[in-house]
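Taking it in order: structure first as structure tokens, then the write-up.
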Amino acid sequence: MDNHSYKAANSNHSNNSAQSFFQNQPVPENEAQGEEWNYQEFLLLLQRRMVVIIGIATTIMIGVVINLILNPKPQQYESSFQMLVEPVTDDTKVVDIVKDSRDTNSSNQSTLDYQTQILVLKSPELIAESIKELQSAYPYINYNYLRKSLNIVRIGETKIIQVSYRSQDPVETKAVLDKIAQDYLQYSQVRRQTRLRQGIKFIEDQLDPLQNRVDNIQKQLQVFQQNYKFNSPESLAEQIAGQTTQLAEQKQQLELQLAQARANYNFLQSEEGKKTVLDSYPVYQSLNTELRQLDIQIATALTLLQDVNPNIITLREKRASLVPLILKESERYIQTKRAEAASQIKSLEINNQGLIKSQQILEKQRQQLPVISKQYKEIQRQLQIATDSLNRFLSTRENLQIQISQTEMGWQLIQSPSQPTYPVVSSSIISDVIQGLAISISLGIGAALLMEKLDHTYRNTRTIKEKVKIPLLGSIPFEKELLIVQPQTIKPQSPILKISESLPETISGVNTVVEQDYSNYSTKFLEALRVLYTNIQLLTSDRQIRSITISSAMPGDGKSTVAFYLAQIATAMGQRVLLVDADLRRPNIHTLSNLNNLWGLSSLITANLPIEEVIRQVPAMKALSIVTSGPIPPDSTKLLSSEKMKRLMADFHNTFDLVIYDTPPIVGLADTNLIAPQTDGLLMVVKIDKTARSVFERAIADLKFAPINVLGIVANGEKSNFNSYYY
């Protein structure tokens, strides 16, 4: 074994805070909520409960066969007659006042509802007289007895119905059919004319109310048109649209004039506007001209005279008196122009308000137009319906009168009943067996569904994803070879230990690593472990996960197996891996690796053994080291919580690339809560169809009180082949 140099424990290992755990807590779901089943899950359910389904189906089928043997059905005789219905006219036209009698498409087709007619023929009222007469010869015949043995069907799409009857007495069969055929013929002759006359009476009773209704609706329509002064909503809409367009054009022109007036007014307020207006004012121009002439005279005189000269003084006085006059005249003219502009704006605004009011009135009329149109159409619709109903009743009355005047014929018996001579089998053994088989399979599937509802384990990875909100990092498929417990010696060239070289076709048993050839399923098992290892490494981007605690909620979930093969996968990926069996209560790593357990982790903690003597390597895989549990101590919790255990873990972390700890189940034990906080995270193993939901939820609840980072879940023993890997 290679010698590893062990550095002093730095005790600087980062313990993950509990916050990341609580972020991954499972969210409880209502168990009463309906689960969504798909095709794949149903097939898996049948596979899981196949024993129950076969057992229940077999038991029921045995009962069916015994019942057929012990209670054979008596011989029965069957006969029938056929009757032509509606040979001349269609009875349904008697009361058909809904369809248009002028419809030529249906004139040649039968409109009789044969299903309803068959129910009428089976009604107690129609066959009551037949039962009374038959009871004199056959007292046991009643309505339920007769209805059970009587069968009436329509032959295809024809107008022929077939009436059959079955009993144990052939004479009774013919007698019953003869009486029923006679009653049906009498029903078709007597009742048909009664229906025709009743139909005419009903129609005549309805004609006066229908005529009054049509007249009232016509008057209502006339008053409505007079109130709103229009012939139709379309003409009113065109009128409103024309007025609206005209007002819009007027308003657009008015707004343009108003904008020009406001611009002119604003221009008069500016200095440039004042100057422009005054330049066009003749009085202002003449005064300015006079002022300039005075300025020229003063300037000319100053070249010849002194400032005190009387002429200069006189000219200046004239100029001084002319300037206020110019200012006063210009101000007066500007104010006049501004007043004119303001007056123009006010006038235009008044006109604009008038147009706005006119538009509002038209808009109100336009908004009322849909209501008016709706009322108009509703009156038109009522008038149309009333008129159609009146015309339909009138047409139907004429048709009925024509039918009564014609020669009436009842139904015709085209095949009379005969007395049967040979019995018929009411229900063959094959049909009974098939029916019993269908019922037994249905009950078996129903029992399987009930058991599935009562099953509180995780049935597949989909159930785990739905019920638990902790990330599912991997799904380990079910491997039959792991159920084989055959202690053997490790072969030096065991394929499971050569994962890095090729995809092996072998897998280990529970206690050994054996060299055998199996199906592709072993490859899927190994590939699932590779996916699990890759997902674990991708959980963090800032640093590599170097220590993992693997545990479960219950014993037997396969945590040790997952830890053992995950360590081999990590080793094959180029990591220096140490697998530590920290389950000091029921250790299993030494059995899986076929190593003796004379000393191990408990020996390191309690004795002063060198670490190199306890760490052992698996043959043919030098980079995988294993520390078995060692002798089982009386108090494992005390050993795992010791300071020496923490120092050993720190030394392990500093020496190896990845350290995997296999710990006892969480529920009821504190061992995992002592180990997991010293590692980078906890990996929970859930066994499909074994781990109870309540126990797993309790395990998650127990982890709340420790600063443990739950990395995710591994589903172990997935039996579904639908989500298998594809190559």
Failed criterion for residue 277 (all others in (1) crowded, with 16+ Cβ neighbours inside 10 Å; (2) out of contact with any helix residue (DSSP H, G or I) (no Cβ under 9 Å at 6 or more places or on another chain); (3) of a type in the set (Val, Ile, Thr) hold): (2)
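Has the range 592-602 got any residue that is under 50 Å from the mean Cα position of the chain (by Cα), in contact (Cβ under 8 Å) with a residue 24 or more places away in the chain and more than 24 Å from residue 644 (Cα to Cα)?
First, pick out the residues of the range 592-602 that are under 50 Å from the mean Cα position of the chain (by Cα): 592-593.
If we keep only those that are in contact (Cβ under 8 Å) with a residue 24 or more places away in the chain too, we end up with 592-593.
Right, trim to more than 24 Å from residue 644 (Cα to Cα) and you get 592-593.
So far as the range 592-602 goes, yes, one or more of its residues are under 50 Å from the mean Cα position of the chain (by Cα), in contact (Cβ under 8 Å) with a residue 24 or more places away in the chain and more than 24 Å from residue 644 (Cα to Cα).
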Enumeration of residues in the range 532-564 that are hydrophobic (A, V, I, L, M, F, W, C), under 19 Å from residue 615 (Cα atoms) and surrounded by fewer than 24 Cβ atoms within 10 Å (Cβ to Cβ): 548
Residue tally, condition aliphatic (A, V, I, L, M), farther than 22 Å from residue 227 by Cα and surrounded by 12 or more Cβ atoms within 10 Å (Cβ to Cβ), over the range 361-405: 6
Residue among 258, 268, 210 that alone is in a helix (DSSP H, G or I), touching a Leu at 6+ places or on another chain (Cβ under 6 Å) and in the same structural domain as residue 322 (by TED's automatic domain parsing): 258
Filtered residue count, the range 568-614, keeping only those that are under 16 Å from residue 675 (Cβ atoms) and of a type in the set (A, V, I, L, M): 9
Count of residues meeting criterion [at pLDDT 80 or above, within 22 Å of the chain's Cα centre (by Cα) and within 13 Å of residue 687 (Cα to Cα)] in the range 456-484: 1
Residue in the range 346-362 that is part of a helix (DSSP H, G or I) and either in contact with a strand residue (DSSP E or B) (Cβ under 9 Å, 6 or more places away or on another chain) or farther than 30 Å from residue 238 by Cα (or both) present: yes
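Name the residue that is surrounded by the most Cβ atoms within 10 Å (Cβ to Cβ), counting only residues in the range 664-703 that are of a type in the set (Lys, Arg) and not in a loop (DSSP other than H, G, I, E, B).
As a first pass, look at the range 664-703 and keep what is of a type in the set (Lys, Arg): 687, 690, 693, 698.
Of the ones still in play, those that are also not in a loop (DSSP other than H, G, I, E, B) are 687, 693, 698.
On the way: 687: 24, 693: 21, 698: 15.
Among residues in the range 664-703 that are of a type in the set (Lys, Arg) and not in a loop (DSSP other than H, G, I, E, B), the one surrounded by the most Cβ atoms within 10 Å (Cβ to Cβ) is 687.
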Residue match in the range 608-615 (condition: in contact (Cβ under 8 Å) with a residue 40 or more places away in the chain, in contact with a helix residue (DSSP H, G or I) (Cβ under 8 Å, 6 or more places away or on another chain), assigned by TED's automatic domain parsing to the domain that holds residue 649 and under 16 Å from residue 662 (Cβ atoms)): no
Residue within the range 649-672 that is among the polar types (S, T, N, Q) and either in contact with a Leu (Cβ under 6 Å, 6 or more places away or on another chain) or over 22 Å from residue 540 (Cβ atoms) (or both) present: no
Filter result for residue 334 (over 30 Å from residue 266 (Cβ atoms), assigned to a helix (DSSP H, G or I) and of a type outside the set (Asp, Glu)): no
Test result for residue 605, surrounded by fewer than 24 Cβ atoms within 10 Å (Cβ to Cβ) and modelled with pLDDT under 90: no
Odd one out for residue 567 among (1) assigned to a loop (DSSP other than H, G, I, E, B); (2) crowded, with 24+ Cβ neighbours inside 10 Å; (3) out of contact with any helix residue (DSSP H, G or I) (no Cβ under 8 Å at 6 or more places or on another chain): (1)
The range 367-383 residues that are under 10 Å from residue 233 (Cβ atoms) and modelled with pLDDT under 85, paired with ones that are exposed (fewer than 14 other Cβ atoms within 10 Å of the Cβ) and among the acidic types (Asp, Glu) (beta carbon under 9 Å, 6 or more apart): 373/234
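Scan the range 241-289 for residues that are hydrophobic (A, V, I, L, M, F, W, C), over 12 Å from residue 330 (Cα atoms) and at pLDDT 80 or above and jot them down.
Initially, the range 241-289 is screened for residues hydrophobic (A, V, I, L, M, F, W, C), giving 241, 247-248, 254, 256, 258-259, 261, 263, 267-268, 277-278, 283, 287.
With the extra rule that they be over 12 Å from residue 330 (Cα atoms), the set shrinks to 241, 247-248, 254, 256, 258-259, 261, 263, 267-268.
Result: 241, 247, 248, 254, 256, 258, 259, 261, 263, 267.
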Unique residue being in contact with a helix residue (DSSP H, G or I) (Cβ under 6 Å, 6 or more places away or on another chain), part of a helix (DSSP H, G or I) and in the same structural domain as residue 238 (by TED's automatic domain parsing) when the list is 341, 320, 299: 341
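The values are calculated or read from the model by the stated rules, or taken from the named source; none is laboratory data. Source: prediction; values computed, not measured. Every residue, glycine as well, gets a Cβ built from its backbone with ideal geometry; the counts of neighbours run over all protein chains shown.
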